[in-house]
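Take a look at the structure set out below.
The values are calculated or read from the model by the stated rules, or taken from the named source; none is laboratory data. Keep in mind that this is a model prediction, so the values were computed, not measured. Note that we place each Cβ from the backbone using ideal geometry, even for glycine, and neighbour counts take in every protein chain shown. With ligands, DNA and RNA removed, areas are computed over all heavy atoms of the protein, side chains included. Shrake-Rupley method; radii C 1.70, N 1.55, O 1.52, S 1.80 Å.
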Amino acid sequence: MTRTTDTHPNVDTNEGASPKPRLKTSAMIASIAAEGQRTKPAPFGHALVELAKSRPEIVGMTADLGKYTDLHIFAKEFPDRYYQMGMAEQLLMGSAAGMAHEGFIPFATTYAVFASRRAYDFIHQTIAEENLNVKLACALPGLTSGYGPSHQAAEDLALFRAMPNMTVLDPCDALETEQMVPAMVDHQGPVYMRLLRGHVPLVLDEYGYQFEIGKAKMLRDGADVLVISSGIMTMRALEVAKSLEADKVDVAVLHVGTIKPLDGETILREAARSGRMVVVAENHTVVGGLGEAVAGLLLRSGVTPKFRHIGLPDEFLLAGALPTLHDRYGISAEAMTTTIKGWLG
Amino acid sequence: MQTNPLGHNVDLAERAYRIRRNALLMGEVQGQGYIGQALDIADVLATAYFHAMSYRPEDPHWEERDRFLLSNGHYAIALYAALIEAGIVPEEELETYGSDGSRLPMSGMAAYTPGMEMSGGSLGLGLSIGVGMCLGLKRNGSSSRVYTLFSDGELDEGSVWEAIMSAAHWKLDNLIGIIDVNNQQADGPSSQVMAFEPLVEKLQAFGWFVQRIDGNDIEAVRSAFDAARDHAEPKPRMIVCDTRMCKGVPFLEAREKNHFIRVDEHEWQMALEALDAGRKA
Ligand SMILES: Cc1ncc(C[n+]2csc(CCOP(=O)(O)OP(=O)(O)O)c2C)c(N)n1
Ligand SMILES: [Mg+2]
């Protein structure tokens, strides 16, 4: 058996089209922030340090990705409460469970791909099944790395939604990331947070936002389209809403910071308002994430507006520069604007 | 002794020099990356591709080739540099490294690049694939060998030790593991992140034929590859290579060690010149 390398998947066959500059991957430092966007450095790390000052039971644990999950901020402040477990994600989860058994609240960090794929059974069996107080903060969620499938956690929400007892959070920006940290600790039981690291865009402060576990929040109202989104797609949706104003299209944005438990009440109330097309937008495969969760909820409840779904295709994604990939897979603000306009006809 | 199928006559040190040069040229395209690793492992790759392994550059899928698995997929820049030197990947593609549409993505993947035999990026997988390949080759009556390169950071992963135990159980004398002990991983020096010594004793206790060498001493690397091939016992073979990050570019060697380094624009030319100086010396 041989594999074909003659037609590799990343060839640009778009000959004749206007030449675009070749972008570079440099994925370790690739940022989701647009040029000139307001950002905050390491919101998770700083929020955890603040909270840990009054909560001595909080410990930090990582699998050789402290520097890359902003946990190094915590390590620097509390070196004796920081546990470097080596690049061993299964051990990380099992030992975090053990710490929780002994009364501590571990924040365990790695990349979303390694928590969800490498360590899933360890989380399922040692943490979730016993409803232990372990908090997972996992970087590079969805498509936020240009490294190819090994680093693209396109299915993390689907996997953790399917795990009983697990609370699943998908923050939009730096503000929400900060707000989630104390909420995670106040919540009794395991939590999976999609971690935005490094210089994280700051958006929601303009909307007077306050995160609460299990609550979806309307960020802006609009009569023509209701975008229901989570994570960085909410940031995109707000841009789309602004740009569609020029076309006299009135877009509402409902942000769902908690993927599980889903705020069915708010979603149903907003989706039932007549005359609005509902568009779910997620930085995740179209399989098993927010889109299917909302679709199932609406169908089960007999609420059936015109429904559309923006998400990543059910395929192994390419390597490349993030902006290129976000355009290609339809989750950049520009691509979303075009798609939604098309649906409006 | 087996002769090299390509009749290579350029000496290994020169091959290693050219692999380093290719890696620097690719690094310059991104301005940063796993340069330290590419420079530290060049002597090992030169020996693998220009002394030890059988392959046909024009036919990367040739059934009787020796297999090379890059378990540490982020070392792709190093392997591309060797594949270019070996004539498997055209030199012109150097400048596309890590760019949109390139066959040379920053993390090694089988579907993208001729000569890349596995999709890496998620660490700790290569040796398991190697075990299966060796079982399959034996089943097919093949005398090809499987060389699997992995990193000291990967020693932290339980899966690596599962494969190590199983390779000895199956007496896989066609499996040659190579560990790059550069004493570096993402969060710092590997020995501090997770103590892994005494490595030779551990691997021996697991049933392997083990050699530990200076991975930047090309003569030592060559004899270790020969001994791994010629060893009589029905055991898998491990070559533990102690290497020096950024080897061959003294001003980078002297810098604080880092998993992912940034090199300023003007320094790339300096790095190439420093490498050249070492070649003539
Ligand atoms: C399973 C897995 N966990 C974590 C990572 C993130 N990661 C990428 S490289 C790396 C360090 C691995 O150690 P090593 O290869 O020795 O590092 P180097 O010598 O290249 O600095 C880590 C933790 C990964 N790629 N795969
Ligand atoms: Mg290393």
>> So, R0 is 35 Å and r is the distance between the beta-carbons of A:LYS306 and A:GLN125; what FRET efficiency does that work out to, to 0.05?
In response: 0.25
> Between rounded, prolate and oblate, where does segment B:1-149 land on the alpha carbon gyration tensor, with a ≥ b ≥ c its root eigenvalues, rounded for a/c under 1.5, else prolate if a/b exceeds b/c?
Replying inline: oblate
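Could you rank A:THR126, B:THR148 by how accessible they are, 1.4 Å probe, largest area first?
Details: A:THR126 40, B:THR148 0 Å².
The ordering from most to least exposed comes out as A:THR126, B:THR148.
Rounded, prolate or oblate, given the Cα gyration tensor of segment A:205-344, with a/c below 1.5 counting as rounded?
On the way: a/c = 1.39, a/b = 1.21, b/c = 1.15.
The shape class here is rounded.
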> Under a point spin-label approximation (7 Å from Cα along Cα-to-Cβ), what is the B:GLU219-B:ASP11 distance to one decimal in nm?
Replying inline: 1.1
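In square nanometres and to one decimal, what's the mean projected area of the convex hull around the Cα atoms of segment B:133-199?
Computed as one quarter of the Cα hull surface, the answer is 4.8 nm².
Leaving ligands, DNA and RNA out of it, rank A:ILE58, B:ILE213 by accessible area with a 1.4 Å probe, largest first.
B:ILE213, A:ILE58
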>> Quick check: pseudo-label points 7 Å beyond the Cα along Cα→Cβ at A:ALA246 and B:HIS231, how many nm apart are they?
In response: 6.7
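What 222 nm value per residue comes from the helices of the protein assembly as shown, counting each DSSP H run with n ≥ 4 as -39,500 (n - 2.57) and dividing by all residues, nearest 500 deg cm²/dmol?
Details: 20 runs with 211 residues, N = 626.
That calculation yields -10000 deg cm²/dmol at 222 nm.
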> Counting other Cβ atoms within 10 Å of each Cβ, which trypsin sites (Lys or Arg not before Pro) in segment A:47-149 have at most 14 and sit in a DSSP loop?
Replying inline: A:LYS53
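Got a number for carbon plus sulfur as a percent of the protein assembly as shown's accessible area, 1.4 Å probe?
Details: 12380 of 24000 Å².
Here it works out to 52 percent.
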> Can you give the Rg to Rh ratio for the protein assembly as shown, taking only C-alpha atoms and Rh from Kirkwood?
Replying inline: 0.99
>> Need one number: nm distance between label points at A:GLU102 and B:ARG255, each 7 Å from Cα along Cα→Cβ, rounded to one decimal.
In response: 4.0
>> Quick check: with the 1.4 Å probe, what order do B:ASP152, A:ASP250, A:ASP80 take by accessible area, largest first?
In response: A:ASP80, A:ASP250, B:ASP152
>> If you count only protein heavy atoms and use a 1.4 Å probe, how large is the accessible surface of B:GLU201, to the nearest 10 Å²?
In response: 110
> What residues from segment B:233-270 fall in the zone where the backbone N is under 12 Å from a label point 7 Å along the Cα-to-C-beta line of B:LYS171?
Replying inline: B:233-236
> Expressed as an acute angle from 0 to 90° and rounded to the nearest 10, what is the orientation of the C-alpha long axis of helix A:174-186 relative to the principal long axis of chain A?
Replying inline: 40
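Filter the GluC sites (Glu not before Pro) in segment A:76-157 down to the DSSP loop ones having no more than 14 other Cβ atoms within 10 Å, then list what survives.
Values: sites: A:GLU77, A:GLU89, A:GLU102, A:GLU129, A:GLU130, A:GLU155; in loops: A:GLU102, A:GLU129, A:GLU130, A:GLU155.
Passing both the DSSP loop test and the Cβ count: A:GLU102, A:GLU129.
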